[in-house]
Amino acid sequence: MTQDLSAGTSSPQPVPGTPGSTPPARTPTIKAPTTRTSDIEKPATEASASQAKPAPDAPAQAASAQIEASGAAPAQATATQAKPPGRNASATKPSTRRLPGRKGKSRRKPPAPRRGERRAQSRTGRDAGVAPDAGTAAERRIRIGSPASLLAVVPVLLGFEPGNSMVVIGVEQPGAEVRLTLRYDLPDPGLAPAVAAHAMSVLTAQRIQTAVAVGYGPEHLVSPVAAALRDCAPGAGVTVTELLRAENQRYWSFVCGDPACCPPEGKPFDVRDHPAARAMAAESARVLTSRDALAATVAPVTGAAAGQMRQATKEAEEQIARAIARAARSGRKASVRRLIATVGLPAVSEGIRRYRGGRRLEPEEAAWLTVVLRDLRVRDDAWSRMRPEHREAHTRLWTDLTRLAQPGYVCAPAALLAFVAWQSGNGALANVALDRALAEDANYSMAVLLRQVIDSGAPPSLARLPMTPEDVAASYDALEASDEADGEISDEADEPADDDDEDVPAGEA
């Protein structure tokens with residue numbers, strides 16, 4: 001798994017069993033998280049400050065709990081401790097958000113946010129201005145036996161050509177097999193110790209005792225980080241067997257003092273025909289020109305496609321508003337959450353089925369799916385269906401929806417993309433997807449928890465799904481039944497305002 005720790009980057013690409021605001025998980029090894037459900041949220045640009053804070057994501061909490069229990073996460077990774085389900089208000093009351101076309105207000109007050117118990121944090125990682133891309137080699141077995149092979153495999157491990165970066169690779173002896181890849185933007189020299197400390201904390205947490213590293217860029221930026229790595233490694237119990245600087249198709253070694261082997265002017269290299277590069281190219285591994293090029297793969301669509309999506313999203317919002325109005329006229333007392341789930345869950349299943357079959361969604365279908373994914377039950381159902389054997393199809397699905405989603409609807413598909421990317425060992429893609437989600441809502445809990453887990457270097461093996469679709473449905477059904485039994489969803493709360501009979505677009509509600 002490759003991890004991208006780009007300094008100054010606050011959001012970037014799914015975590016098996018970590019994201020989403022689902023109800024209590026039924027996994028015997030994990031404490032069930034606090035459950036909060038909500039209706040479809042208004043776009044972040046329109047929502048109030050209190051609405052903008054999503055409920056804690058149960059799958060994300062579950063994954064964090066798994067990582068903490070296994071000892072895989074380093075000290076600076078924060079995990080929210082899950083609480084068992086109960087009937088007390090603080091543990092089970094769902095937060096209420098208004099829906100498209102809905103003007104009446106619920107009597108239920110949103111629960112006060114819980115403060116998770118935090119592990120001790122060192123001044124390393126993002127809190128110290130150091131932001132990594134982390135990943136593993138997933139199912140590929142990659143060995144590094146020479147400086148040339150190291151330089152050949154790094155771009156393939158990352159998925160792009162590194163520039164102004166420090167790449168630290170944890171390897172397993174014997175054979176120098178790659179287990180973990182960390183990439184950092186080259187920081188200001190004063191932050192070099194923070195980069196080294198974070199890298200060593202991740203390697204130590206993963207019980208990796210051998211590492212190699214390459215700094216890509218000018219000597220005045222690479223050398224301070226290289227020196228910090230060499231100073232920090234012995235105390236962490238890590239042996240750095242190779243440490244290179246590469247620039248302009250030449251490399252220099254910080255560990256080899258033999259001028260015949262590593263001359264002062266640098267040694268030329270060309271990895272295009274290296275056997276390691278050819279072997280990985282045979283696996284159809286795509287290497288982009290830069291991290292910016294990777295970020296462009298999840299950037300919003302433009303031109304005619306953007307216009308189509310704006311119109312289709314507006315129509316989807318209006319359709320949901322009409323459905324709510326019809327339900328009110330018929331006298332049905334079902335909650336809006338159930339109404340949205342009724343129309344949203346089939347859309348999720350069909351979208352997943354379509355992409356697993358190698359097809360795509362039409363703009364109208366994509367817009368509908370992005371809108372209904374604002375409902376946490378719908379999103380968590382999608383999350384629970386992210387089986388790793390279909391991760392390539394799922395990556396296409398969530399990449400498309402992340403690009404097509406209109407402002408206010410990006411968080412869910414982007415966070416789901418991040419989870420699937422983590423599942424695939426692609427930490428750089430996970431981070432650029434999380435960048436999209438957190439740029440729209442910095443408090444989106446599924447994205448926040450995924451970022452913590454991915455930054456910790458947690459391997460894809462921990463990206464397990466803590467709930468099945470049946471578990472998600474049963475948990476939400478039980479929660480709503482409990483609320484109704486307690487009288488928390490009143491008749492008045494489900495009645496529309498006087499003008500709800502009109503077809504009101506969500507943006508005007």
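The values are calculated or read from the model by the stated rules, or taken from the named source; none is laboratory data. Remember, it's a predicted structure, so these values are computed and weren't measured experimentally. Quick reminder, even Gly has a Cβ in these numbers, built from the backbone with ideal geometry, and neighbours come from all protein chains shown. Calculation scope for accessible area: heavy atoms of the full protein, side chains included, ligands and nucleic acids excluded. Shrake-Rupley method; radii C 1.70, N 1.55, O 1.52, S 1.80 Å.
A few notes on this one:
- Neighbours by Cβ (under 7 Å, 6+ apart or cross-chain): first from region 347-363, surrounded by fewer than 20 Cβ atoms within 10 Å (Cβ to Cβ); second of a type in the set (A, V, I, L, M) and assigned to a loop (DSSP other than H, G, I, E, B): R354/L361
- Which listed residue is of a type in the set (D, E, K, R) and either at pLDDT 95 or above or more than 26 Å from the chain's Cα centre (by Cα) (or both), from R207, R179, R141, R230: R230
- When residues in region 455-468 are screened for being more than 17 Å from R391 (Cα to Cα) and not in a loop (DSSP other than H, G, I, E, B), 1 of them pass.
- Candidates in region 156-176 are the residues that are open to solvent by less than 10 Å² (accessible area, probe 1.4 Å), of a type outside the set (A, V, I, L, M) and over 15 Å from V238 (Cβ atoms); of these, the one that is modelled with the highest pLDDT is S165.
- Identification of strands (runs of 3 or more DSSP E) wholly contained in region 178-263 with 3 or more residues that are out of contact with any Ser or Thr (no Cβ under 9 Å at 6 or more places or on another chain) yields 250-253.
- Count of residues meeting criterion [modelled with pLDDT under 95, over 20 Å from L369 (Cβ atoms) and open to solvent by less than 70 Å² (accessible area, probe 1.4 Å)] in region 296-329: 3
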